[in-house]
Every structure is written in structure tokens, then in C-alpha cells.
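Data block below; observations after.
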Amino acid sequence: MPELPEVETVRRGLEPAMDGEHFVKVEVHRADLRWPLPKDFAARLTGKTVTGLGRRAKYLLADLSSGDVLLMHLGMSGSFHVFAEKDKHLGRYYHERRKHVAHDHVVFYMSSGVTVTFNDPRRFGSMKLVSRRNLDSEPLLKGLGPEPLGNEFDSAILARICKGKKTSLKAALLDQRVVAGLGNIYVCEALHRARLSPQRQASTIADRKGQPNERAVRLVDGIKSVLQAAIKDGGSSLRDHRLTDGELGMFQHNFRVYDREGQPCRTPDCRGTVKRIVQSGRSTFYCPVCQK
């Protein structure tokens with residue numbers, strides 16, 4: 001499933017095509033995504049202007065001139081593609097529409113002159129219209145933890161949240177109530193950058209009063225640095241992730257531990273070998289030598 005860097009990459013690709021533009025026409029080819037689309041979905045979008053395109057955790061949020069917010073989730077295999085007609089020259093973010101459109105379930109025709117399609121073979125993605133005034137109480141967003149790239153996310157916040165937690169650091173970071181948007185790939189990578197074992201108890205990054213220690217500082221730095229690097233590289237394309245122009249993300253070539261079982265640790269001067277263990281049914285990759 002796409003994690004924060006992949007979703008943010010998609011958001012940046014959609015922004016020049018959608019932000020400030022209105023929906024000329026909306027086609028719904030399949031209404032049975034993860035949850036059924038509202039029956040009036042197309043009608044509520046047509047003619048409305050996108051006044052802003054944001055992201056919360058792994059969700060895309062398009063603010064509309066109607067006061068609604070179009071809440072979108074990529075699911076397991078969902079992807080957005082931006083297309084232009086052959087005679088349109090709109091920059092490198094756009095390309096001609098491909099021929100195989102069997103899984104293009106929702107199509108947006110924008111006033112910018114481009115077509116935005118949502119393609120999802122497995123149909124675990126979702127779209128939902130929510131009133132902006134009710135967004136804070138929206139069940140899909142309510143209870144999410146801080147944004148890891150936000151200014152408010154620091155070692156003090158993470159230590160306070162993890163105070164007294166008896167779960168592992170790996171399990172804590174995967175909990176969307178602790179940090180929003182992280183998944184298996186970037187938790188493994190962040191823990192390696194922070195030189196912290198995924199099996200370490202989460203509470204050990206805080207003292208008894210919930211104040212951060214050096215481990216908390218390293219962990220926050222590791223989270224922020226790996227997310228920023230992944231976004232710069234367009235995210236990680238292991239299965240379904242594509243940029244909006246159809247290109248692959250490239251960060252998978254820079255993994256330090258994820259999916260590198262049996263290979264040398266990439267920490268300078270470390271002679272360790274990447275090991276794979278299973279935690280809560282998920283594969284964890286780490287270096288037992290430099291991650292303590």
C-alpha cells in the first residue's frame with residue numbers, strides 16, 4: 001500500500017492539473033470501489049472548482065468551491081494519471097492517454113484541458129465527499145497522529161506519545177495514532193537511520209516524565225530524512241505505485257535495509273548483515289549490529 005511519500009508524490013503531480021481548475025465533466029465507470037460512491041457523486045463535482053489540494057496521512061484532500069472536500073485514498077493498487085490531448089503542450093507532467101483503460105473507474109475532465117483518471121485494478125481505493133465543516137470529525141481522519149513532516153512533529157511530541165508504551169518501536173510507528181502516514185517500508189528505513197532496533201520497547205525513547213532522550217531525537221531525524229529523500233525520488237515503486245505521468249518512483253534503489261535480507265548493512269564502517277524477522281505478521285528488515 002502506498003505510504004506518505006508515494007501519496008505526496010501523487011499530490012504534487014495532480015496539483016498543477018487540478019488546483020484552481022473546475023470539473024467540466026466527471027465519469028464514474030465503477031461505483032463499487034472500497035466503499036460505494038455517492039449516487040450524486042458526479043453531479044456534486046461537476047462545475048465545482050478545486051480551491052486547494054492537500055494531504056493528510058495517506059489521504060488526498062481536494063477542497064471544493066462548494067464547501068465539500070473530496071477525500072481520496074489510493075488503496076492497494078490505485079493510481080492517478082494525468083493525460084493531455086496530442087496538440088496540448090502542458091509540460092513534462094502530462095502524457096497522452098494510454099489505450100488500456102479497463103480499470104479507469106473514475107475520470108475527471110478538468111478545465112485545464114487535461115483528463116485525470118483513477119485506475120485501480122483491485123478496487124481497494126476510495127473516494128468520499130465530506131463537508132469541510134465536518135472534516136475534523138470524519139471517521140477516516142479522526143484520531144490520526146501528527147504529520148511527520150509538519151513543524152509540530154518533534155522529539156518531544158513523539159516521546160510524550162510513546163511514554164509508557166510496552167509495544168515495540170516498530171509496532172508503535174506503524175500505529176497511525178502515533179505518527180500519521182508511515183508504513184512498513186519507511187518505518188524500517190527510519191529505524192535504521194536512527195540506529196534503533198525495531199524490537200526495542202517504544203517507551204525507551206522517553207524518560208519517566210515523558211521527556212525525549214537522544215533516541216527520540218535520532219528517530220525523529222531518521223523519520224524526517226527518509227521521507228524527504230523518498231519524496232525527492234518520487235517514492236518507491238515496488239508493485240503498483242506510479243507517478244501521475246506514468247513514470248516509476250526511484251527510492252527503492254536507495255533502500256538501506258528494506259527487502260535486503262542477507263545483504264551487507266549500508267551504514268559506514270558497519271560489518272553487519274541485514275536480517276529479516278516477522279513482527280505482528282509483517283516483515284521487518286534491520287541490521288542487528290548497528291541497530292540497538
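The values are calculated or read from the model by the stated rules, or taken from the named source; none is laboratory data. Predicted model only: the values in this text are computed from it and were never measured. Every residue, glycine as well, gets a Cβ built from its backbone with ideal geometry; the counts of neighbours run over all protein chains shown.
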- Query: Which of (1) of a type outside the set (Asp, Glu); (2) touching a Cys at 6+ places or on another chain (Cβ under 7 Å); (3) under 30 Å from Glu15 (Cα atoms) is the odd one out, the single condition Leu227 does not satisfy?
  - Reply: (2)
- Task: Only residues in the range 61-85 that are more than 27 Å from Arg133 (Cβ to Cβ) and in the same structural domain as Val10 (by TED's automatic domain parsing) count as the first member; pair them with residues that are surrounded by 20 or more Cβ atoms within 10 Å (Cβ to Cβ) and aliphatic (A, V, I, L, M), Cβ under 6 angstrom, at least 6 apart or cross-chain, and list the lot.
- Result: Val82/Ala17; Val82/Val114; Val82/Val116; Ala84/Val114
- Message: Condition first: out of contact with any helix residue (DSSP H, G or I) (no Cβ under 9 Å at 6 or more places or on another chain) and surrounded by fewer than 17 Cβ atoms within 10 Å (Cβ to Cβ). Now tell me which residues in the range 23-43 satisfy that.
- Response: Val24, His29, Arg30, Asp32, Arg34, Trp35, Pro36, Lys39, Asp40, Ala43
- Can you name the residue in the range 136-157 that is small (Gly, Ala, Ser) and part of a helix (DSSP H, G or I) and, of all such residues, is farthest from Ala190 (Cα to Cα)? Ser137
- Residues that are under 17 Å from Arg282 (Cβ atoms), among the charged types (D, E, K, R) and either modelled with pLDDT under 95 or surrounded by fewer than 24 Cβ atoms within 10 Å (Cβ to Cβ) (or both), drawn from the range 185-202: Arg200
- Would the range 120-134 turn up any residue that is in the same structural domain as Thr9 (by TED's automatic domain parsing), assigned to a helix (DSSP H, G or I), in contact (Cβ under 8 Å) with a residue 40 or more places away in the chain and surrounded by fewer than 21 Cβ atoms within 10 Å (Cβ to Cβ)? yes
